[in-house]
1. What trypsin sites (Lys or Arg not before Pro) in region 159-261 are in a loop by DSSP, with at most 14 other Cβ atoms within 10 Å of the Cβ?
2. Sum up the charges of everything whose Cβ sits under 14 Å from the Cβ of residue 137, counting Lys and Arg as +1 and Asp and Glu as -1, but leave residue 137 out.
3. Rounded to two decimals, what ratio of Rg to Rh does region 122-277 give with C-alpha atoms and a Kirkwood Rh?
4. Translational D (Stokes-Einstein, µm²/s) of region 227-295 at 10 °C and 1.306 mPa s when Rh comes from the Kirkwood sum over C-alpha pairs?
5. So which trypsin sites (Lys or Arg not before Pro) in region 60-157 are both in a DSSP loop and have at most 14 other Cβ atoms within 10 Å of their Cβ?
6. Counting Lys and Arg as +1 and Asp and Glu as -1, each charge on the Cβ, what is the dipole of region 115-238 about the Cα centre in debye, to the nearest 20?
7. Would you order 36, 114, 282 from fewest to most other beta-carbon atoms within 10 Å of each residue's own beta-carbon?
8. Plugging the Kirkwood radius over Cα pairs into Stokes-Einstein for region 3-270, at a temperature of 4 °C and a viscosity of 1.567 mPa s, what D comes out in µm²/s?
Amino acid sequence: MDGDTSPLKDHPTHVEHTTSGISPRKEHGLTGAPLVAAITSVCSSGFLLFGYDQGVMSGVVISKYWLTAMDNPSTIMLSTITALYDVGAVFGAIGAAVLGDRLGRKRTLITGCVVLIVGTILMAASFERIQMMFGRVLTGLGIGFITSVTPVYQSEISPAKQRGWQVCCQLTTMLFGLMLAYWINYGFYYHNSDAQWRFPLAFQAVFAVYCIVVTCLLPDTPRWLLRYRPQSGKGEEVLARLRGKDVGHPMVQREKAEIVEAIEIESREEGSWMDLLRDGGVAANKRFFLALGIQFMQQMSGKFFFHREKSFDAPLLLMKTLT
């Protein structure tokens with residue numbers, strides 16, 4: 001944050017302006033716990049999409065109707081179509097890292113959902129493999145944006161005492177999305193038409209639309225507003241709404257001062273991506289590799305079985321065995 005835009009300089013002005021006793025409850029919709037819950041539901045739905053997309057292709061690739069539409073792709077082509085989702089997700093995550101601060105948490109999330117919906121439409125309407133491949137890349141691109149911004153959005157609006165379990169809600173809903181995809185695949189496995197694979201692919205758009213509609217009604221985070229819109233006073237106002245207090249309440253002012261102080265420290269000591277590989281006095285490199293290791297182990301924990309020349313997700317392999 002640059003000199004004259006420092007929110008610390010605006011602090012007395014904000015206090016004087018907002019100590020009139022006007023409660024945010026009278027001027028806005030949701031406040032306090034309901035507002036936090038609404039944002040949590042959106043962030044959790046973003047990770048539900050992540051889990052759903054991880055599981056849905058396992059049922060699609062064994063559908064005879066999908067295989068016919070894709071001109072019976074080889075094992076290598078089948079693997080390529082499936083893996084393009086992860087390629088898109090990598091670039092989506094990079095894009096969110098580059099654009100996230102410029103766009104804000106809300107617009108980054110909405111952007112990811114819009115891209116994902118476009119990819120979903122392309123996949124569900126596919127009649128040949130090139131269109132399916134483009135759809136996979138776009139869906140992955142959208143997921144990369146969504147899963148990069150939702151943990152930040154959640155952590156920046158949650159009270160410190162509740163931040164841990166609220167962020168964990170995202171991982172829980174990711175597993176729910178995975179389970180939902182498996183059961184929808186199972187339910188449509190006996191449907192003898194293109195709906196056997198088109199509906200499971202299209203269904204994920206429901207959650208993306210929910211995220212867009214609800215996010216449009218929600219505020220951006222106080223931290224982002226205080227850093228990039230310090231003169232507007234919206235950061236302080238949103239913080240008061242999230243805590244369900246008047247803007248001039250001591251708790252709101254104290255938390256605002258803590259956020260501003262953290263922002264100024266970050267501005268003075270802004271580092272580079274290479275800092276992730278250095279200790280930096282806070283074991284930053286160990287934390288980084290621990291996060292990578294957890295994600296790596298999640299994917300390498302026996303989720304996939306290999307049968308002859310094709311790989312199947314465990315639930316689908318069991319389903320075919322039972323039938």
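Here, each number is a calculation from the coordinates, and none is a lab measurement. Note that the coordinates shown come from a computational prediction; the quantities given were computed from them, not determined experimentally. Neighbour counts run over all protein chains shown; Cβ positions are idealised from the backbone, glycine included.
1. 161
2. So the environment of residue 137 carries a net charge of 0.
3. 1.10
4. The calculation lands on 109 µm²/s.
5. Nothing satisfies the criteria.
6. It works out to roughly 240 debye.
7. If I rank by nearby Cβ atoms, fewest first, I get 282, 114, 36.
8. It diffuses with D of about 65 µm²/s by this estimate.
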